[in-house]
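The values are calculated or read from the model by the stated rules, or taken from the named source; none is laboratory data. Bear in mind that the values here come from a model prediction, so they are computed numbers and not experimental data. Every residue, glycine as well, gets a Cβ built from its backbone with ideal geometry; the counts of neighbours run over all protein chains shown.
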Amino acid sequence: MFRFKQEQKIFDIAGVKIGGQPGQLPTVMMGSIFYSKQKIFEDEKAGVFSKEKAEDLLNKEREISDKTGNPRIVDVCCTWPQAFGKLIEFVADKIDGPLAIDGTTEEARIAGAKYVGEVGLSERVVYNSIMPHIKEVEINAIREARIKSAVLLTYNAKNPTITGRMQVLDELLALASKAGVEKTLVDTTVLDIPDPGPVSKAVYLVKEKYGLPAGAGTHNAVQRWNKMRRMDKTLFSIASSVADVLPIFMGANFVIYGPIDNASNAYFHCALADAYVAYSVRQEFGTRPLTSNHPLFKIFKT
């Protein structure tokens, strides 16, 4: 394994610590709830859903989080601006700790930002996400809502390479600062099916140059692999596992693992990767976990 030469930042977001050198802190897991066409919806546009099923998903994720030692940031998705407040309110009431607001459109994200600002949830929220060429109206909404944490999405359509991802990061940091964001999580952005490799290397480079918490939704690459989705469920699960853990071995601090329904599988294989990394750096560098709740101390007892 390795240690980064750059000093590594650790942010505390509503009680969840994220960042640091490999082996210091568990990977933070981000699973999505209320994504488009999720079966718990009764009327997605109106924000009507089965509260019982939604709470069950959140509780099951909490249980596996407690079991492995990996903290969570629940990623609250929304397409319809008029529905976002209902979804955020429900999740904020049912969980302790941070949640991400993940609107699929500018209008939805702005609606989510306005809601959390009005009800006093700004300190618990991670804005997902700030992208290159974000409009002034959205920057203003983040600042006015007093949101201090955000994901920076290194999307570079003109140069979708490792280099291209790095090229947009200074711009993203400047935009985040303009929005009043102080705690930045860098998502190195899956664009294509083979991207978990370049995305993972970009995680390493972000941490080596900037010392910022970094990670990615590498599971998205497998989701886009239509042939794999039609194959045996076991093969699909293995592909998802490999995609999720690869960034961890390159230093990732968070993994956006896809639908919250997949928590039991995603947490286990990410926790196992955490344990392997922590055991390796402890032997090589004397690095010790900063928490007794690290997967190194829990995963082999399951």
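Which residue, of Ala113, Ala83, Ala108, is among the aliphatic types (A, V, I, L, M) and over 25 Å from Val186 (Cβ atoms)?
After applying the criteria, what remains is Ala83.
Output the residue which, of all residues in segment 172-187 that are crowded, with 16+ Cβ neighbours inside 10 Å and among the charged types (D, E, K, R), is nearest to Val125 (Cα to Cα).
Lys183
Mind telling me which of the residues Ala216, Ala239 ends up being of a type in the set (A, V, I, L, M, F, W, C), farther than 25 Å from Lys53 by Cα and within 15 Å of the chain's Cα centre (by Cα)? Break it down stepwise before answering.
Numbers: Ala239 fails: within 15 Å of the chain's Cα centre (by Cα).
Answer to the check: Ala216.
With respect to the numbered conditions (1) within 21 Å of Gln8 (Cα to Cα); (2) at pLDDT below 95, which one is the sole condition not fulfilled by Leu191?
Just one mismatch for Leu191, condition (1).
What's the number of the condition Glu106 fails, among (1) surrounded by fewer than 16 Cβ atoms within 10 Å (Cβ to Cβ); (2) closer than 30 Å to Phe268 by Cβ; (3) under 20 Å from the mean Cα position of the chain (by Cα)?
(2)
Considering segment 192-229 alone, what residues qualify as being in a loop (DSSP other than H, G, I, E, B) and of a type outside the set (A, V, I, L, M, F, W, C)?
Asp192, Pro194, Asp195, Gly211, Pro213, Gly217, Thr218, Arg224, listed by residue number.
Quick check on my filter: what residues within segment 91-103 are surrounded by fewer than 23 Cβ atoms within 10 Å (Cβ to Cβ) and either free of Cβ contacts under 8 Å to residues at least 40 places away in the same chain or among the basic types (Lys, Arg) (or both)?
The answer is Ala92, Asp93, Lys94, Ile95.
Within segment 132-158, how many residues are over 18 Å from Tyr115 (Cα atoms), in a loop (DSSP other than H, G, I, E, B) and out of contact with any Phe, Trp or Tyr (no Cβ under 8 Å at 6 or more places or on another chain)? Spell out how you get there, then give the answer.
Kept after step one, since they are over 18 Å from Tyr115 (Cα atoms), are these residues of segment 132-158: 132-136, 151-158.
Filter again for in a loop (DSSP other than H, G, I, E, B), leaving 132-135, 154-158.
Filter once more, keeping what is out of contact with any Phe, Trp or Tyr (no Cβ under 8 Å at 6 or more places or on another chain): 133-135, 154-158.
Residues in segment 132-158 being over 18 Å from Tyr115 (Cα atoms), in a loop (DSSP other than H, G, I, E, B) and out of contact with any Phe, Trp or Tyr (no Cβ under 8 Å at 6 or more places or on another chain): 8 in total.
Check off (1) crowded, with 19+ Cβ neighbours inside 10 Å; (2) of a type outside the set (S, T, N, Q); (3) more than 18 Å from Arg72 (Cα to Cα) for Ile33 and give me the number that stays unchecked.
(3)
Quick one: what pairs do we get from segment 48-61, first residue farther than 11 Å from Val91 by Cα, second of a type outside the set (Val, Ile, Thr) and part of a helix (DSSP H, G or I), C-beta under 6 Å, 6+ apart or different chains?
What qualifies is Glu61/Ala263.
So Gly120 fits all but one of (1) small (Gly, Ala, Ser); (2) surrounded by fewer than 22 Cβ atoms within 10 Å (Cβ to Cβ); (3) within 18 Å of the chain's Cα centre (by Cα); what number is the exception?
(3)
Let me confirm something: among Phe249, Phe254, Phe236, which residue is among the aromatic types (Phe, Trp, Tyr) and either free of Cβ contacts under 8 Å to residues at least 12 places away in the same chain or touching a Lys or Arg at 6+ places or on another chain (Cβ under 9 Å) (or both)?
Numbers: Phe249 fails: either free of Cβ contacts under 8 Å to residues at least 12 places away in the same chain or touching a Lys or Arg at 6+ places or on another chain (Cβ under 9 Å) (or both); Phe254 fails: either free of Cβ contacts under 8 Å to residues at least 12 places away in the same chain or touching a Lys or Arg at 6+ places or on another chain (Cβ under 9 Å) (or both).
Checking each option against the conditions leaves just Phe236.
Taking segment 8-57 as the region of interest, how many residues are out of contact with any Phe, Trp or Tyr (no Cβ under 9 Å at 6 or more places or on another chain), in a helix (DSSP H, G or I) and either basic (Lys, Arg) or closer than 19 Å to Ile101 by Cβ (or both)?
2
Taking only segment 223-258 into account, find how many residues are touching a strand residue (DSSP E or B) at 6+ places or on another chain (Cβ under 6 Å) and surrounded by fewer than 23 Cβ atoms within 10 Å (Cβ to Cβ).
First, pick out the residues of segment 223-258 that are touching a strand residue (DSSP E or B) at 6+ places or on another chain (Cβ under 6 Å): 244, 247, 252-257.
Narrowing further to those that are surrounded by fewer than 23 Cβ atoms within 10 Å (Cβ to Cβ): none.
The total comes to 0.
Anything in segment 248-267 that is on the phi > 0 side of the Ramachandran plot and not in a loop (DSSP other than H, G, I, E, B)? List them, or say none.
Passing the criteria: only Gly258.
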